[in-house]
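The values are calculated or read from the model by the stated rules, or taken from the named source; none is laboratory data. This one's a predicted model, so the numbers in the text were calculated from it and none came from an experiment. No Cβ is skipped: glycine too gets one built from the backbone with ideal geometry, and neighbour counts run over all protein chains shown. Heads up: the accessible areas ignore ligands, DNA and RNA and are worked out on the full protein's heavy atoms, side chains in. Shrake-Rupley method; radii C 1.70, N 1.55, O 1.52, S 1.80 Å.
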Amino acid sequence: MKTKLLLMFLLCGICYSCQAPQQEKHETESTKANENMTNEQLRENLVKALDDMKAKAIEMGIQGVATASFLNKGEDVDWIGEMRVVGTPLDLKGGFNLVAVAWSKCGEVIATGADSGNPDHQTLTGELGYAGGAYGEYEGCKLAFAFSGATSEEDLVVAKYGIERMKGYMSNK
């Protein structure tokens, strides 16, 4: 009887030890999945941040184009981007295509890993050298946001506001 009981405890212990690593692995994968957002989740947050940028521009009484892009953690080159028009995509009076200018700022930010319009940066073909693009990083993701349509200072305020909103959305996972 004691031998049977001992054998039963042994078998239970073996079965438990075989299952324990699987459960631990599952919990680790689940935790890891909660730490990393999918590109689709990040895109949803990007859209919300752009909507916030649009509201900020309206609050400031300015019009133009807001652009935003991000590179997900662990990615090398696949930036994802979106844009919002606030009032108008063009400044015909001044002769500006605000969509082109905003994306140029975003492109400069991506290339330099710094805010656009830095006088020390040698402008590359396609870049216009205008201030108003902002760079940020959050938990391994890279963020490039820009606004075009107002003064460089106002554009930068809206771009930085978008980055802060995006970080907030990302922190709420």
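Given the criteria out of contact with any Ser or Thr (no Cβ under 9 Å at 6 or more places or on another chain), of a type in the set (Val, Ile, Thr), assigned to a loop (DSSP other than H, G, I, E, B) and within 23 Å of Leu42 (Cβ to Cβ), does Val77 qualify? Taking the combined requirement at face value, the residue satisfies it.
Residue pairs whose Cβ atoms lie under 8 Å apart, sitting 6 or more positions apart in sequence or on different chains, and linking a residue in segment 120-144 that is among the acidic types (Asp, Glu) to a partner that is assigned to a strand (DSSP E or B), are Glu137/Leu143.
Of all residues in segment 124-142, those satisfying the criterion of being touching an Asp or Glu at 6+ places or on another chain (Cβ under 9 Å) and either of a type in the set (A, V, I, L, M, F, W, C) or open to solvent by less than 70 Å² (accessible area, probe 1.4 Å) (or both) are Leu124, Gly126, Glu127, Leu128, Gly129, Ala131, Gly132, Gly133, Ala134, Tyr135, Gly136, Cys141. Screening segment 88-122 for residues that are part of a loop (DSSP other than H, G, I, E, B) and touching a helix residue (DSSP H, G or I) at 6+ places or on another chain (Cβ under 8 Å) and picking the one that is surrounded by the fewest Cβ atoms within 10 Å (Cβ to Cβ) gives Thr88. For Met83, work out the one condition from (1) farther than 16 Å from Asp51 by Cβ; (2) of a type in the set (A, V, I, L, M); (3) out of contact with any helix residue (DSSP H, G or I) (no Cβ under 6 Å at 6 or more places or on another chain) it doesn't fulfil. So the condition that Met83 fails would be (1).
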